[in-house]
């Protein structure tokens with residue numbers, strides 16, 4: 001396939017390795033937590049750039065988020081994406097996965113013709129893995145999830161899927177939507193060579209609800225059928241127990257314990 | 001006056017910090033121990049635009065401003081000061097003089113390969129009998145039909161072993177002293193040019209430091225960089241820029257020492273509480289943080305003057321002087337704060353301590369920086 005037009009959806013997420021939960025309010029303490037490009041979205045960008053390198057074409061990065069999500073797009077542009085679109089509007093705030101996917105689908109329709117949409121499997125802040133599949137639904141596209149390899153043929157893609165207990169090779173006709181896992185590649189670093197054009201605004205568009213021509217009641221928190229009821233830290237597990245004695249004695253004790261717990 | 005970094009500057013800093021954390025930090029201790037050059041990292045950095053940071057895009061450079069440049073060097077040095085100096089020397093005194101003074105032909109032949117990292121640059125001024133006083137260099141270049149014939153020995157040359165292209169200072173007219181010094185672009189492999197002993201250093205050990213020997217080494221006339229007799233002026237201009245990079249390197253080492261002190265003093269318990277609850281420790285950390293902040297703004301000031309095409313030699317010397325001494329003080333406190341562990345190679349503060357001492361000396365000792373500042377103040 002030549003001149004493949006690829007759209008990659010990305011999300012700016014709090015670096016969850018640094019996030020703590022406020023036990024009183026059950027909400028994430030976001031203050032002072034760095035925002036990062038969602039790790040599997042970075043893999044999605046890399047996959048798109050690799051396909052562009054072999055086939056030619058363009059890579060467009062799309063995100064929805066607050067104005068500072070622009071930083072994430074600039075990083076993706078510095079990785080080598082051709083252009084980027086930020087969907088940012090108060091009207092989008094509080095969208096659940098369904099309305100996020102709906103909003104993204106409207107932006108993609110506005111972007112025009114494409115061959116492939118690549119998404120990260122899931123974002124580390126919600127871990128839902130819903131937006132990719134829902135987006136395929138809104139766009140009426142075939143979808144292939146958990147991709148570990150993508151090869152393009154004339155009008156189709158062959159994808160290796162990493163499932164829990166097996167690998168699956170599947171062919172899908174284009175246009176299609178593919179979600180990728182971290183196993184697909186080792187993402188490149190953004191290049192210092194690209195940061196001038198990445199940050200000067202020439203490759204980045206900002207669209208509001210008005211640009212998408214969608215009525216406000218179909219967007220954001222109040223249009224979302226699901227909501228977060230509570231976030232909590234799971235109870236700390238009981239402390240480990242240190243066994244003592246000879247190796248043989250300890251092995252015996254361990255077997256007894258496991259039997260007690262009905263694990264053996 | 002705006003103290004905020006621009007988007008480009010923040011992104012450059014982030015890219016360098018991510019790269020340094022993943023690609024440099026995990027191997028820095030081993031490379032230091034074995035004096036192993038960071039070959040793979042340098043190759044990757046070439047592809048990512050680190051090797052021509054202040055060179056225009058038309059020559060394959062990244063065309064960053066001076067502030068971005070110092071942010072990148074600082075971030076690299078935080079993980080590995082040796083890699084930071086290789087990148088700093090290559091950019092500031094390897095590639096930059098070719099951009100400043102090179103003919104179109106020299107830029108086509110050398111600058112593109114330097115800016116994209118395909119070739120590594122070095123700068124050879126220091127000699128066994130001429131370091132702080134460059135006007136007394138003894139390497140000669142005599143004009144003949146075959147071009148200039150170089151004879152002499154250069155010493156303590158950063159990346160001397162690994163570099164492909166060296167900017168060499170030689171005297172074309174001994175009588176004129178400093179006004180008789182000419183800069184030459186000399187390629188590795190040129191007949192009569194060989195690499196001598198590799199030094200076994202106290203710190204900055206993963207960067208190779210070598211002797212370069214010129215024995216009847218014929219260099220074509222078109223490899224004169226700038227005009228004859230103007231070499232020292234060119235050297236001083238490049239060195240001023242180099243010093244700002246070295247200051248940023250010092251800042252990275254100081255920052256690394258501080259970060260380790262914060263982590264260690266929060267984790268280490270003595271007298272039933274973390275070290276960080278003791279005022280003696282708090283004061284050490286406060287002093288380190290304050291000095292680092294002051295050094296940072298001296299460096300930003302010098303880089304900002306360069307970006308605005310204003311003279312910055314004095315400010316560059318101030319930044320190098322202060323930042324390198326801040327790094328030494330911070331690393332000394334850091335070893336002290338870590339106690340016995342601070343003397344062990346398992347702890348990075350030990351490496352910071354050795355690296356900081358070297359930084360106080362190369363690219364102009366503290367004494368030479370004071371001399372430059374004093375001359376400017378008293379002139």
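Read the figures in this text as sums done on the coordinates, not as results from a lab. For clarity, every value in this text was computed on a predicted model and none was experimentally measured. All Cβ positions, even for glycine, are placed from backbone atoms using ideal geometry, and neighbour counts span all protein chains on display.
Going 7 Å from the Cα of residue B:132 toward and past its Cβ, which residues in the stretch B:159-176 have a backbone nitrogen under 20 Å from where you end up? No residue passes the distance filter.
Spin-label model, residue B:267/residue B:310: points 7 Å from Cα along the beta carbon direction are separated by 4.4 nm.
Relative contact order, whole percent, for chain A stands at 24, derived from Cα pairs under 8 Å and 6 or more residues apart.
With R₀ set to 45 Å, the beta-carbon distance separating residue A:169 from residue A:19 gives a calculated FRET efficiency near 0.75. Between the helical axis of B:25-34 and the longest alpha-carbon principal axis of chain B there is an angle of about 60 degrees. If R0 is taken as 30 Å, the Cβ-Cβ distance between residue B:200 and residue B:341 corresponds to a FRET efficiency of 0.75.
Measuring from centroid to centroid over Cα atoms, what is the spacing of the stretch B:86-128 and the stretch A:95-125 in Å? Spelled out, the Cα-based centre of one part sits 46 Å from the other. Listing B:123, A:92 from fewest to most neighbouring C-beta atoms within 10 Å gives A:92, B:123. Computed from Cα atoms, the angle from the helix A:97-111 axis to the main principal axis of chain A rounds to 30 degrees. Mind checking A:243-254 for the average number of partner chain beta-carbons within 10 Å of each residue's beta-carbon? Average per residue, whole number: 0.
Sequence-distant contacts, meaning Cα pairs under 8 Å at least 6 residues apart, place the relative contact order of chain B at 16 percent.
Semi-axis lengths, largest first, of the ellipsoid equivalent to the protein assembly as shown are 50, 33, 24 Å, with √(5λ) applied to each eigenvalue of the Cα gyration tensor. Springs between Cα atoms under 10 Å define the GNM used for chain A, and in it the highest mean-square fluctuation of A:146, A:193, A:114 occurs at A:193. Peptide A:182-193 is shielded by partner chain Cβ atoms: per residue, an average of 5 of them sit within 10 Å of its Cβ. Put a dot 7 Å past the Cα of residue A:83, heading toward its Cβ, do the same for residue A:249, and the two dots end up 7.5 nm apart. In terms of the Cα gyration tensor, with a ≥ b ≥ c the square roots of its eigenvalues, is the stretch A:4-223 rounded because a/c is under 1.5, prolate because a/b exceeds b/c, or oblate? Note, shape of the stretch A:4-223 comes out rounded. Taking every residue in B:43-51 and counting other chain Cβ atoms within 10 Å of its Cβ, the average works out to 3. From Cα pairs below 8 angstrom and at least 6 apart in sequence, can you work out the relative contact order of the stretch B:96-178, rounded to a whole percent? Relative contact order for the stretch B:96-178 comes out at 32 percent. A Förster distance of 56 Å, applied to the separation of the beta-carbon atoms of residue A:233 and residue B:286, puts the FRET efficiency at 0.95.
Model label sites at residue B:108 and residue A:138, defined 7 Å from Cα along the beta-carbon direction, differ in position by 5.3 nm. Peptides B:174-187, A:242-255 ranked from most to least packed give B:174-187, A:242-255, packing being the mean of other C-beta atoms within 10 angstrom over each peptide's residues. Counting neighbouring Cβ atoms within 10 Å and putting the fewest first, the residues B:110, B:362 line up as B:362, B:110.
Relative to the longest principal axis of chain B, what angle (0 to 90°, nearest 10) does the C-alpha long axis of helix B:366-378 take? The angle comes out near 70 degrees.
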